[in-house]
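Below is one structure, written out as structure tokens, with a few remarks after it.
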Amino acid sequence: MLRIDCPWCGTRDEVEFSFGGESHLTRPTLDASDAVWSDYLFNKDNPKGIHFERWMHRFGCGRWFNVARDTLTHEIHAVYEMGAAKPDLAVKDPDS
Amino acid sequence: MTPSPTNRLTSGGRIDRTQPLSFRFNGKPLQGYSGDTIASALLANGIGTVNRSFKYHRPRGVMSAGVEETNALLTVSGGNGDIPVVRTTVRALVDGQLIKSPSGFPNVNFDLGRVLDFTHRFWAAGFYNKLFKWPSWRWYEGTVRRMAGLGKLPDGEDGNKYFHHNVHCDVLIVGAGPAGLAAALGCANSGARVLLVEQDHELGGSLLADGAQINAIDSDTWLSRTTSTLEDAANVTVMTSSTVSGYYDHNVLTITDRSTTGVVRFWKVRAKEVLLATGAFEQPLVFENNDRPGVMLANAAMTYVLRYAVKPAHVMVVATNNDTAYRVAFALHDNGVRVPAIVDSRENIAEEVSKEAGERGIPIMAGSVVLDTVGTKALTRVSVGRLSNDGRSTVDPTSVIACQGLAMSGGFNPNCSLYSQAGGSLRYDAQLACFVPDEEKACRQRVTVAGAANGKFSLADALTEGARAGSTVTGEAGFACSPAEVATSALGSYHLKAMRITPTGDTSRQWVDFAHDVTVADIELAVRENFVSVEHLKRYTTVGMAVDQGKTSNLNALTLLAELTDRSVEEVGTTTFRPPFMPVPMGAIAGPQHGDFYAPARLLPAHDWHVDHGAVFENYGPWKRPEYYATNGRDRETAIREEVLALRRSAGLFDGSPLGKIEITGPDAGEFLNRIYVNNALTLKPGRVRYGIMLSENGIVIDDGVFARLADDCYLVSTTTANADHITAWLEQWHQCEWPDLNLVISTVTSQWAVATLAGPNARTLLQEIESDIDFSVQALPHMTLTTGTFLGMHARVQRVSFSGEMSFEISVPALDGRQVMETLMNSGGDRITLIGIEALTILRTEKGYLHVGGDTDGMTNALDIGFGGIVARKKTDFVGKRSLLRGGDQRKDRRQFVGVEPLNDNEELESGAHFITSQREGRRSQGVVTSACFSPTLNRVIGLGLLEGGFARKGETVTVFDDGRTFDVRITDPTFYDPGGEKMNA
């Protein structure tokens, strides 16, 4: 049960949000090869550590935004708007 | 007059002798007192055997005085029926309660099932995988399941009430034993919001049966003073009879609160800091027949004597590997229980305990272990042997001691379930021979462990550590707080010898897990068969998997596994703790969300009007919609058939209000929809309507419906009823995440509009009789157009779209006017209009060959499979899913394609779900499915729709259908059975 800091509404409980999977994906154009297209469709990152993902404040403002979440500890390192660049997070490897 | 309890002390304890309670055990009337648990009342009445064991049906008595109970899990009357698997060691006795032993045939004292015990060699671990191979497991299953049950679930409605609550706090203290209380005392008046949660109905934990001195006063007085201090502190909330059962991310914990009779409250707590003072579980000793009634944990014996004023037996031997059991022996002795011996596996006993034993005249048998016990329904004697010098065997002679009970202590194991759930690591402490929180490894949650849960088993250490931890976590939460002053003179020595398992004897009679009847021999067998990983051992032998989740068996099983595989316990490791720590009733998780409150029902704007017209409602997603109208007492079949025919003959009125309606407004609305729809949205002129489909990015059809252009910068998108919310969210995601530069707004208007659909050859004539400024003529309002105007004085949108295949007008008015439109049309039309339910509409659209996304398509159906190849080829620009349609696999000619089917024999019953199968010669495999089927009243024969491999090229072909054992032939046709030219629809 995460606590997520919606950039518009403030900190709310996870139950108010919907998860939208990995963020910062670039949608290939029609002339992309089958390999590039299937990579976009099916291959998602599943890191042990920081994951950049999108969430939507479903029972709130209805806005999508990005979250940098540690998949091991569930710590949320950053919340930032859709379209913004990945934040530079100096987080040490959880295994080290 | 019920007989007076035989094992009850005349004074002492925390029971109220002025409030006697009557109850029955297996029909026998007995008496207890307010303050008793069911188990303490049974013991007070000298009841030895309370249940039979799970597998061998051995007689079993009360084993503990807490949640770790493995034996006294009984059926108790309450609510609207008998509740099985009640932990009677923690459940308060209630006047008039009926207690039953769930197993034992014909009864618990004489159980024919005991034959399993006498033939136990056949039933070792995994027996069902080996013994019941012939003829098949199914042959035995019924009998095994009947014998293995833990009781029967009540049949009736659950009599309890369930509620959900949420709470935030700065400090959550779990457990109100010495450590938890010392911590809470320090936090009182610190200003922090403190929640102290205790699963017992009284605060105190081990102090409820202790008798030590704290701060120079006796512990009972200290406890009552502390309790009132905490209750008076405005910032401290005390919850009793409440069990913290789950620890989730970001410090969310769940509590099952049973403090009100007949009510279970399920709390979700969000805590800044959590302090776990969850105590420890005493571990049993393992020797032959260590499961007989009368054998119990030592601290349980102390609890029964001091808290409940009950002698567990009149003569009790104490067996131990540490100092704590001496206090138990003294308490038993001081309250009139004769203790003939303390059997201690240690050679050297500390003087501080041996001296006191000497003063009471209790003999100590040092360097000795219990070998075996005798007695069927109650203990009669135990045999004791002296350990050899290397401790791996015993030396003669064996002594036999007559007794009625045995109190055993194998030392303590911290209760680390919640800490482990929080992600905390445990380490094996060889000196304490148990698992303790590993302070070296950081836990991802804001959690601290104190007291016995942290391996501080003496009262003095638990109090000190609790007080210190309380002040630390309060400080972490941002509040100033100094540790409470707590000191005790109580005996604090432990001196554990890491030995719980008697090295000799028949291992198939030495129990490790009482609840699941797992013996040392079972563990040996598992190791012989190479189940040497702790996870494999657990699953193969089921050790620790019973309702108690191994609270008294896991540690002994791990120790044995380590010994048998020549590894250290550290190397063997432990299994993972998962929520819940204690079972949570399903009702508590559901809370009030059941029955009518399970999900809010959505009603049509004209719901009551439909009720008055005989509508029979069915749930379609959240909506209650008329399935058919039982007018004039018609049955379902007749009603549906007559509705279909009436619409085709004259006119039908259908309430289409739940249809999803989304408005897309803005200069880029057209561009946006052009990227969403397979169809071209930009070429659509204002006032025109187009049928479109939407695909997932993988090319799969996810929704269909019409979209209309209301103005240059405004579109109205219709979605299927069930998908309305989902499609809105999906459109938002594309707009916000992929194309935020497009200037538009998406708004759902589904419930703003009521929709009355009038369809049939007389539809236009009927509308023209109504007061309106709208020109309904075919020239002004042809099929697939939209207009707005005034209808009955209301603002209305009228759309020419058809799902039935007849001339059709969809009249949308503000939702509140929905009833008036339906009513006026019906009154004006009289016999010429018939109300149409969903079932009739389903037949009408099947006749017309219109597909239903999700019914006639599945998760593999792409745009090309339903005949959209031409439209896809003509549209040059990108849209969601287009790239996927370019893949070779998406364009194969043998994909499952949308077709019509009709049985060769008109009377054949065709059902959706039936498979098209290949011939015997080709190996009888499925080549598709029938997705819709019905008897068409219009055509007077059976028709259907389906998905068939290479279906487009197979029209006219005869294919065999397999349906639930039947096979018959059908002809593949075009999906459109009715009015293929569309003259009626375009009229």
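Kindly list the number of the only condition in (1) free of Cβ contacts under 8 Å to residues at least 40 places away in the same chain; (2) buried (at least 18 other Cβ atoms within 10 Å of the Cβ); (3) assigned to a strand (DSSP E or B); (4) of a type outside the set (Ser, Thr, Tyr) that fails for B:Gly32.
For B:Gly32, the failing item is (1).
Among the residues of the stretch B:434-475 satisfying the criterion of being within 14 Å of chain A (Cβ to nearest Cβ) and out of contact with any Asp or Glu (no Cβ under 9 Å at 6 or more places or on another chain), which is modelled with the lowest pLDDT?
Restricting to residues being within 14 Å of chain A (Cβ to nearest Cβ) and out of contact with any Asp or Glu (no Cβ under 9 Å at 6 or more places or on another chain), the top hit is B:Ala442.
From the residues in the stretch B:53-101 that are among the charged types (D, E, K, R) and under 25 Å from the mean Cα position of the chain (by Cα), which one is farthest from B:Phe25 (Cα to Cα)?
B:Glu68
For the stretch B:610-641, which residues satisfy the criterion of being crowded, with 21+ Cβ neighbours inside 10 Å and within 17 Å of B:Thr720 (Cα to Cα)?
Of the residues in the stretch B:610-641, the ones crowded, with 21+ Cβ neighbours inside 10 Å are B:610, B:615, B:625-626, B:628-629, B:639-640.
If the condition is that a residue be crowded, with 21+ Cβ neighbours inside 10 Å and within 17 Å of B:Thr720 (Cα to Cα), then B:Arg625, B:Pro626 are the ones that fit.
What about B:Val701, is it over 40 Å from the mean Cα position of the chain (by Cα) and farther than 30 Å from B:Val616 by Cα?
Working: over 40 Å from the mean Cα position of the chain (by Cα): no; farther than 30 Å from B:Val616 by Cα: yes.
Criteria not met by B:Val701.
Just name the residue that is surrounded by the most Cβ atoms within 10 Å (Cβ to Cβ) out of those in the stretch B:713-743 that are at pLDDT below 95 and either away from chain A (no Cβ under 14 Å) or on the phi > 0 side of the Ramachandran plot (or both).
Checked the stretch B:713-743; the qualifying residue surrounded by the most Cβ atoms within 10 Å (Cβ to Cβ) is B:Ala724.
Tell me, which helices (runs of 4 or more DSSP H) wholly within the stretch B:318-430 include 2 or more residues that are farther than 30 Å from B:Leu42 by Cα?
The helices (runs of 4 or more DSSP H) meeting that bar are B:351-360, B:417-421.
Sort through B:Ser245, B:Ser206, B:Ser241 and tell me the only one that's within 22 Å of B:Gln445 (Cα to Cα) and either touching a residue at least 12 places away in the same chain (Cβ under 8 Å) or within 14 Å of chain A (Cβ to nearest Cβ) (or both).
B:Ser245
Being in contact with a helix residue (DSSP H, G or I) (Cβ under 6 Å, 6 or more places away or on another chain), within 28 Å of B:Arg832 (Cα to Cα) and among the aromatic types (Phe, Trp, Tyr) is the requirement here; does B:Phe791 meet it?
no
Can you tell me which residue within the stretch A:8-22, out of those that are within 11 Å of chain B (Cβ to nearest Cβ) and among the small types (Gly, Ala, Ser), is nearest to B:His735 (Cα to Cα)?
A:Gly20
Out of the residues in the stretch B:852-870 that are among the hydrophobic types (A, V, I, L, M, F, W, C) and farther than 19 Å from B:Gln927 by Cβ, which is surrounded by the most Cβ atoms within 10 Å (Cβ to Cβ)?
In this case the residue turns out to be B:Ala863.
Here is a yes/no grid of residues against (1) within 21 Å of B:Gln445 (Cβ to Cβ); (2) within 10 Å of the chain's Cα centre (by Cα):
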site	(1), (2)
A:Met1	yes, no
A:Cys9	no, no
A:Ala35	no, no
A:Leu41	no, no
A:Phe52	no, yes
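If you go through the stretch B:822-838, how many residues are acidic (Asp, Glu) and surrounded by 21 or more Cβ atoms within 10 Å (Cβ to Cβ)?
0
Out of curiosity, is B:Asn827 part of a loop (DSSP other than H, G, I, E, B) and away from every other protein chain (no Cβ under 14 Å)?
So B:Asn827 fails the test.
Answer with yes or no whether B:Phe968 is more than 30 Å from B:Ala759 (Cα to Cα), surrounded by fewer than 20 Cβ atoms within 10 Å (Cβ to Cβ) and of a type outside the set (Ser, Thr, Tyr).
yes
Pick out the one residue from B:Val706, B:Val701 that is within 28 Å of B:Thr842 (Cα to Cα) and crowded, with 22+ Cβ neighbours inside 10 Å.
B:Val701
So which residues in the stretch B:59-108 are touching a residue at least 40 places away in the same chain (Cβ under 8 Å) and of a type in the set (Gly, Ala, Ser)?
B:Gly61, B:Ser64, B:Ala65, B:Gly66, B:Gly78, B:Gly79, B:Gly81, B:Ala92, B:Gly96, B:Ser101, B:Ser103, B:Gly104
Identify, please: which residue in the stretch B:421-431 is surrounded by 21 or more Cβ atoms within 10 Å (Cβ to Cβ) and either touching a residue at least 40 places away in the same chain (Cβ under 8 Å) or over 20 Å from B:Ala271 (Cβ atoms) (or both) and is, among those, nearest to the other protein chains (Cβ to nearest Cβ)?
B:Ala422
Can you pull out every residue in the stretch B:546-578 that is more than 26 Å from B:Asn299 (Cβ to Cβ) and touching a Phe, Trp or Tyr at 6+ places or on another chain (Cβ under 8 Å)?
Within the stretch B:546-578, B:Ser568, B:Glu570 meet the criteria.
Just checking, which of B:Thr448, B:Thr464, B:Thr507, B:Thr472 is in contact with a strand residue (DSSP E or B) (Cβ under 6 Å, 6 or more places away or on another chain) and not aliphatic (A, V, I, L, M)?
B:Thr448
Read through the list (1) touching a residue at least 60 places away in the same chain (Cβ under 8 Å); (2) within 7 Å of chain B (Cβ to nearest Cβ); (3) more than 30 Å from B:His168 (Cβ to Cβ), then give the number of the only condition that A:Leu2 fails.
Failed condition: (3).
Within the stretch B:239-263, which residues are among the β-branched types (Val, Ile, Thr), modelled with pLDDT of 95 or more and either within 27 Å of B:Leu207 (Cα to Cα) or out of contact with any Lys or Arg (no Cβ under 6 Å at 6 or more places or on another chain) (or both)?
As a first pass, look at the stretch B:239-263 and keep what is among the β-branched types (Val, Ile, Thr): B:240, B:243-244, B:252, B:254-256, B:260-261, B:263.
Okay, now just the ones that are also modelled with pLDDT of 95 or more, so B:240, B:243-244, B:252, B:254-256.
Residues satisfying the conditions are B:Thr240, B:Thr243, B:Val244, B:Thr254, B:Ile255, B:Thr256.
What are the residues in the stretch A:23-79 that are touching a strand residue (DSSP E or B) at 6+ places or on another chain (Cβ under 8 Å), over 24 Å from B:Ala729 (Cα atoms) and within 12 Å of another protein chain (Cβ to nearest Cβ), if any?
A:Asp70, A:Thr71, A:Glu75, A:Ile76, listed by residue number.
Tell me which strands (runs of 3 or more DSSP E) are completely within the stretch A:1-79 and hold 3 or more residues being within 28 Å of B:Ser420 (Cβ to Cβ) and not β-branched (Val, Ile, Thr), or say none if there are none.
A:64-70
Mind listing whichever residues of the stretch B:581-609 are in a loop (DSSP other than H, G, I, E, B) and surrounded by fewer than 18 Cβ atoms within 10 Å (Cβ to Cβ)?
The answer is B:Pro583, B:Pro585, B:Gly591, B:Pro592, B:Gln593, B:His594, B:Tyr598, B:Ala599, B:Pro600, B:Ala601.
Looking at the structure I just gave you, is B:Thr576 at pLDDT 95 or above, polar (S, T, N, Q) and within 29 Å of B:Thr89 (Cα to Cα)?
Criteria not met by B:Thr576.
Give the stretch B:597-656 a look and list any residue that's basic (Lys, Arg) and touching a Leu at 6+ places or on another chain (Cβ under 9 Å), or say none.
Residues satisfying the conditions are B:Lys624, B:Arg625, B:Arg648.
Among the residues that make up the stretch B:930-943, is at least one of them more than 14 Å from chain A (Cβ to nearest Cβ) and more than 23 Å from B:Leu844 (Cβ to Cβ)?
Step one: filter the stretch B:930-943 for residues more than 14 Å from chain A (Cβ to nearest Cβ), giving B:930-943.
Still in the running and more than 23 Å from B:Leu844 (Cβ to Cβ): none.
Among the residues of the stretch B:930-943, not one is more than 14 Å from chain A (Cβ to nearest Cβ) and more than 23 Å from B:Leu844 (Cβ to Cβ), which makes the answer no.
The values are calculated or read from the model by the stated rules, or taken from the named source; none is laboratory data. Predicted model only: the values in this text are computed from it and were never measured. Backbone-built Cβ (ideal geometry, glycine too); neighbour counts: all protein chains shown.
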